[in-house]
1. What is the diffusion coefficient of segment A:356-420 in µm²/s, taking the Kirkwood radius over Cα pairs and the Stokes-Einstein relation at 25 °C with a viscosity of 0.890 mPa s?
2. How big is the Cα convex hull of segment A:47-134 in projection, averaged over all directions, in nm²?
3. Under a plain spin-label model, where a point goes 7 Å from the Cα along Cα-to-Cβ, how far apart in nm are residue A:601 and residue B:41?
4. Going by C-beta contacts inside 10 Å, put A:92, A:253 in order with the fewest on the left.
5. Which whole-angstrom value gives the distance between the alpha carbon centres of segment A:139-164 and segment A:399-473?
6. Order of B:145-154, A:342-351 by packing, highest average Cβ count within 10 Å first?
7. Mind checking B:188-198 for the average number of partner chain beta-carbons within 10 Å of each residue's beta-carbon?
8. Please compute the average number of Cβ atoms from other chains found within 10 Å of each residue's Cβ in peptide A:245-254.
């Protein structure tokens, strides 16, 4: 009897605690609802406002424009029209049918005259109109301004509910030529359409008048991390087994909304579950953009690499052997994208400078993860893994002296990457989050080597958690103590990259939120701005210089080919009439040059220290 | 003992009761084994509860500094240290499921505490799932498993209290699953993933399949209260509970993975053992005694009013 009483009391206590916990959690949940998570819904709009926003790109005389509609009623027409202003009149240039699910209306217009700006309007029925401007190709401008964003949390818990008006105002002030959203435009894993429409309401005002590249990342696709494995189905919580967690049709809808306005994919074969590909290029203002999918083909780590931490994708053990996780068969960009990059790096038509865009950077760019102590030795969600794939990607990009612009890390950084030695690869700029859902810190345990005078200890040459060679130049670490719910204590903001096609300088800027970036008193995050030369993207410290080449034409394209292996070392457009190629010591090179393509051999045995040469090109 | 004696009704009853008890013991054992593995090999899901500024504020009241709480960056702080220590509690509960006996009060109390651990864990998963109620509810089978074992030991395997709690456990699990499958809350992505990988269904077919499964989840919960239907319902729950438990390793394991992916997926099936072992327990104890079978035809089964449903005779040793 005594025992029964005891058990009854215990059960009652457990139930009471549970009920109490439930009640408290209910109260907390209510409170959280107010200050933690946003409720995402699709608002009802009048028929005249049914078109939410429109995104466009122009490449190779082809306009691609996607209008995003709110859900229409059953009886409404599904036809959407595109008109442009010609001679003071609206002229219909294309017509399309809205695609469900997703309510996207993609247009494609060939033979687009990009030498002048065109006012456009998208129409649905007789009432709905949405107007914007297709800019002229800014080939006349010396500087192309690319605004970069990532991580668009809308949750009040970290300032996601704060208006984006500051961003809109700043982008208008600098009159950005291209907008680049690197990923996580939508954090809701089940309601992409609602999230995308909100994104459109927030940013449509600047998107409608500028080429915009939105790269759908993991959260857009409805999962916390993404190792796409060519469209495999993921069944493991956390998705580290590789593949997509959400059904293929959901992913297709996401990609249709965010990427159907991209220039046509260079290799359009679909992957598993009928998911398309969108990696491609866009040339705008003589800057050549490689738009990469660094998640879609990447191998999932679970079961592929020996366990090194509390999650299949996390390495906690600092004593582990980095080579043990660089397993055979692990893919990063995959053959198709590497093949594309190989040809992209060699093609300099209408191009002075190159830049690669992808979701995230090619290294483990943070040490501490989360809002407390989450020191990870390495995170396989980063593009530091697999190391061989990372090296192949950097090797492909440096052949075209391409800078890398990305996001996803929730932490703004500048890295100069290395493969065989520190600083022998490309530079990368990872932009801060619009509103930072998840905090990260770049905080190596040892001070970096070869730091600039007065630079913080975390800068300089390091090995990341995968033993990749990286040199840090800046990190916008958030406050270390509980960072609160403000935007800037959580290192929120956005990036600006200025590509100067005249001087070939690249300037990286990293701005906090809610400031006027044109005000001289406004400060950027510590470590910014930084200006590098285009040619710093492949200038290993161990290299020497070949003899100076002087040409009879401005800005010729120069290519170096290893005389022995016949492998292309790099291709680049020189700045002006002279160029002094850098090259590894002790090797002979075939040097080719041409006005727009390197089709003339000008030297068959060029070596470091060889004589200067005058070159005549037709 | 003659053959007839061994097949006599009391012996058979005893066998069934032993089988029912074995189900409960095994269910609790496997549930704790699975979670012990998670805690030792991976990590318990408590980060969402502990890595919060409000939790730090609580710690601060006890004089714990930020560095002690979250670690210096080089060493683990209290949060990670204590998360890893919870594994030992789970291991202790695993052992208790084997050693606990009718008269070992302390062990029983400790096992009830094990249910408490599972409640905390399920609550953490619920918070981690953005406070989706079905996430907590579907863990009902696991949370209640040790309590059912203790109640069965204490009151007897056929007593209305363990039986009632077992019904509650099954209902919680199936209502939780069903709510997700029917889309009352967003259907977890791996529901579709597993259906597609195992059955080869396209999205539309997978959606229909899950919808049907969701409806059945709710129907069997109702069926458990109808004497004529409760055994078939329990049997369905056994089959579906088993299939959904083993779906994780079946869909995820592969010859090409290290340990065939067993360390990633196998425990997902093991810790879900209560999902099919509790229904087996109900199926066994709801077996009608042979005397009753011979005396009552199917047509004349009397539907008892609900309050009387649990008035099941106590087991002989009670």
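Read the figures in this text as sums done on the coordinates, not as results from a lab. Given the structure is predicted, the values throughout are model-derived calculations rather than measurements. Cβ atoms come from the backbone with ideal geometry, glycine included; neighbour counts cover every protein chain shown.
1. Answer, rounded: 195 µm²/s.
2. In nm², the orientation-averaged hull projection of segment A:47-134 is 5.5.
3. 6.0 nm
4. Ranked by crowding around the Cβ, least crowded first: A:92, A:253.
5. Cα centroid of segment A:139-164 versus Cα centroid of segment A:399-473: 21 Å apart.
6. Packing proxy ranking, top to bottom: B:145-154, A:342-351.
7. Neighbouring Cβ atoms belonging to other protein chains average 6 per residue here.
8. Partner Cβ neighbours, averaged per residue: 3.
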